[in-house]
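Encoded as structure tokens, the structure appears first; notes follow it.
The values are calculated or read from the model by the stated rules, or taken from the named source; none is laboratory data. None of these values were measured; they are calculated from a predicted model. As a convention, Cβ positions derive from the backbone with ideal geometry for all residues, glycine included, and neighbour counts pool all protein chains shown. Side chains included, ligands, DNA and RNA excluded: accessible areas come from the protein's heavy atoms. Shrake-Rupley method; radii C 1.70, N 1.55, O 1.52, S 1.80 Å.
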Amino acid sequence: MSESKKKNGIKKNTAAELEITAVSNLGYGVGRTDDGVVVFVPGAVTGDRVRTLIIKVTKSYCVGKLTEILKSSDLRDKTDPCRAPATCGGCAYRAVKYGHELELKYANVRAEFDKAGLPDAEILPVLCVKDKNGIPVTWRYRNKGQYRFAKTKNGIRAGFYASGTHRVAGDENCPLQPEIFGQIARFTCKFAEIHGITVYDEADGKGILRHLYLRYGAGENGEIGVCLVINGRTLPAAEEYAAEVMKMFPRIVSVTLNINLMSSNVILGDEYVTVAGKDGITDVFCGKKLEVSPAAFYQVNHDAAELLCQTAAGMAQLSGGERLLDLYCGIGTVGLSMAEKVSELVGVEIVPQAVECAVRNAEANRVGNARFICADSADGAAALLSDPQYAPDVIVLDPPRKGCAEELLHTLTACRAKKIVYISCNPATLARDCAILAADGWRMSPVQPVDLFPRTGHVETVVLMSKV
């Protein structure tokens, strides 16, 4: 018997009954055996009593498969519309009521600030989008979908990677996505079958179709962009596909190819080819028309992102005379939403296509006080702040999940700016960076989580750091 099995007293493929006392941010119910061993059970909810099959044993914990709910918790959501198996893993909180999900996300943010040495940070209740009847919007909110093609015994299908794997789980009708996404995915699979277009196989690197990448504009008549990620430089019947899919779905205004020849799990390559229509879609965000290319970062929840930007602008308390520096600006979403309230906007972004979109978005909305620079945000900020003619008053940070380099944070401290509005998709790196800024003398406002990703384990957060 292995040391781990001796220590835990539990063997793989044995059954256990557990009281679930918590839910992790991965959506795993947490229980303990009679011997005190922690068992994580996907799909279990705080207050459940469950029977589980132990499928993994380590020195410090076990993982179980939920086989039976012996007593159902009052916190369990019995209205889950998803048909995908629990192994999909996309919706960590699909089994819990939404009110409890918000409590879990609040607790996650609270815990990260505590771990970062900021126990006095004030964490506000999580904001969320509600419909006209005051009911939270938790399904059909995503404006982007990335489907993986798979060859099955029943033909070509499109789905999503199961959690922690490269195996496709679920089906095209993900209830987080607009229904039309599933319809386009099924149409594409059928077209590929009819025309003998092969599906990419990670094992041998052969096959053409890799992913279907969809984008959707806000509103009932919003534009749709279709991008096929291919393992090759051309796609058989590409023009015919574009004509047929645009005829079947008139809201599609762009059909592009993304060339990805890499033997890796990276979804998108660097090269795009427009087959039909525009190079991307146009959306309306915070009153501004925005051009969104396939390569550009754009928040996946339109209405919640507007709520987030409005919250950030409220924290900044702009009076009209400030210079605003927008780092990690993408296509200009956040900065352009605040441009009318500042004297000058400078955005910095490393993705060339996003910078091109940001420039065109400023021109299309007649924003004459904005300019955009293509550079790494840390290098771009350092270059800008070394110029004695440029001194921002307010800085917006919206970095990727890894957060900001410590060097960048110290650089920002050394400039004359009095406010940093920090928007983050990762509470752990936000708390870490806030601790660095606090040590440099910045004062932290109450921390405001905003739920841009209902049913998943992710939460967006915004905080204002002010010079003391």
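Only one of these is touching a His at 6+ places or on another chain (Cβ under 7 Å) and either closer than 22 Å to MET338 by Cβ or of a type outside the set (A, V, I, L, M) (or both): CYS415, CYS425, CYS404, CYS434. Name it.
On inspection, the qualifying residue turns out to be CYS425.
If only one of GLU356, GLU363 is touching a residue at least 12 places away in the same chain (Cβ under 8 Å), acidic (Asp, Glu), open to solvent by 20 Å² or more (accessible area, probe 1.4 Å) and on the phi < 0 side of the Ramachandran plot, which one is it?
GLU356
Which residue, of GLY205, GLY222, is touching an Asp or Glu at 6+ places or on another chain (Cβ under 9 Å) and either surrounded by fewer than 14 Cβ atoms within 10 Å (Cβ to Cβ) or within 28 Å of VAL284 (Cα to Cα) (or both)?
On inspection, the qualifying residue turns out to be GLY222.
Out of the residues in segment 163-199 that are aliphatic (A, V, I, L, M) and open to solvent by less than 20 Å² (accessible area, probe 1.4 Å), state the one that is modelled with the lowest pLDDT.
Among them, the one singled out is ALA169.
Please tell me if GLY269 is open to solvent by less than 70 Å² (accessible area, probe 1.4 Å), more than 18 Å from THR188 (Cα to Cα) and among the small types (Gly, Ala, Ser).
yes
Taking segment 28-56 as the region of interest, how many residues are modelled with pLDDT under 95 and in contact with a helix residue (DSSP H, G or I) (Cβ under 9 Å, 6 or more places away or on another chain)?
5
For residues that are over 19 Å from the mean Cα position of the chain (by Cα), assigned to a loop (DSSP other than H, G, I, E, B) and either modelled with pLDDT of 95 or more or among the aromatic types (Phe, Trp, Tyr) (or both), tally how many sit in segment 133-162.
Qualifying residue count, segment 133-162: 3.
For segment 133-157, give me each residue that is open to solvent by 30 Å² or more (accessible area, probe 1.4 Å), within 17 Å of ARG186 (Cβ to Cβ) and touching a residue at least 60 places away in the same chain (Cβ under 8 Å).
GLN146
Whether any residue in segment 444-466 is in a helix (DSSP H, G or I) and of a type in the set (A, V, I, L, M, F, W, C) is what I want to check.
Among the residues of segment 444-466, not one is in a helix (DSSP H, G or I) and of a type in the set (A, V, I, L, M, F, W, C), which makes the answer no.
Please find, among VAL39, VAL30, the residue that is of a type in the set (A, V, I, L, M), open to solvent by less than 20 Å² (accessible area, probe 1.4 Å) and either assigned to a loop (DSSP other than H, G, I, E, B) or closer than 28 Å to PHE160 by Cα (or both).
VAL39
Of everything in segment 244-266, what is open to solvent by 60 Å² or more (accessible area, probe 1.4 Å), not charged (D, E, K, R) and not in a loop (DSSP other than H, G, I, E, B)? Give them in sequence order.
Passing the criteria: only MET248.
Of the conditions (1) polar (S, T, N, Q); (2) without any contact (Cβ under 8 Å) to a residue 40 or more places away in the chain; (3) over 22 Å from GLU223 (Cβ atoms), THR311 fails just one. Which one is it?
(2)
Quick one: how many residues across segment 98-132 are assigned to a helix (DSSP H, G or I), open to solvent by 20 Å² or more (accessible area, probe 1.4 Å) and not hydroxyl-bearing (Ser, Thr, Tyr)?
12
Quick check on this structure: which one of GLY403, GLY380 is open to solvent by less than 20 Å² (accessible area, probe 1.4 Å), modelled with pLDDT of 95 or more, of a type outside the set (A, V, I, L, M, F, W, C) and within 14 Å of TYR328 (Cα to Cα)?
Unique residue meeting the criteria: GLY403.
Would you pick out the residues in segment 424-435 that are surrounded by fewer than 24 Cβ atoms within 10 Å (Cβ to Cβ) and outside any loop (DSSP other than H, G, I, E, B)?
Of everything in segment 424-435, those that are surrounded by fewer than 24 Cβ atoms within 10 Å (Cβ to Cβ) and outside any loop (DSSP other than H, G, I, E, B) turn out to be ALA428, THR429, ARG432, ALA435.
Here are some residues: ALA417, ALA391, ALA438, ALA383. Which one is assigned to a helix (DSSP H, G or I) and either touching a residue at least 12 places away in the same chain (Cβ under 8 Å) or under 23 Å from the mean Cα position of the chain (by Cα) (or both)?
Sole residue among the options that is assigned to a helix (DSSP H, G or I) and either touching a residue at least 12 places away in the same chain (Cβ under 8 Å) or under 23 Å from the mean Cα position of the chain (by Cα) (or both): ALA438.
I'd like to know if segment 281-304 contains one or more residues that are open to solvent by 40 Å² or more (accessible area, probe 1.4 Å), of a type in the set (Gly, Ala, Ser), out of contact with any His (no Cβ under 8 Å at 6 or more places or on another chain) and in a helix (DSSP H, G or I).
Among the residues of segment 281-304, not one is open to solvent by 40 Å² or more (accessible area, probe 1.4 Å), of a type in the set (Gly, Ala, Ser), out of contact with any His (no Cβ under 8 Å at 6 or more places or on another chain) and in a helix (DSSP H, G or I), which makes the answer no.
Need the failing condition index for LEU397 against (1) hydrophobic (A, V, I, L, M, F, W, C); (2) loosely packed, with under 15 Cβ neighbours inside 10 Å; (3) in contact (Cβ under 8 Å) with a residue 24 or more places away in the chain, just the number.
Going through the list (1) hydrophobic (A, V, I, L, M, F, W, C); (2) loosely packed, with under 15 Cβ neighbours inside 10 Å; (3) in contact (Cβ under 8 Å) with a residue 24 or more places away in the chain, LEU397 breaks only (2).
Please pick out the residue among GLY43, GLY47 that is without any contact (Cβ under 8 Å) to a residue 60 or more places away in the chain and touching a Ser or Thr at 6+ places or on another chain (Cβ under 6 Å).
Sole residue among the options that is without any contact (Cβ under 8 Å) to a residue 60 or more places away in the chain and touching a Ser or Thr at 6+ places or on another chain (Cβ under 6 Å): GLY47.
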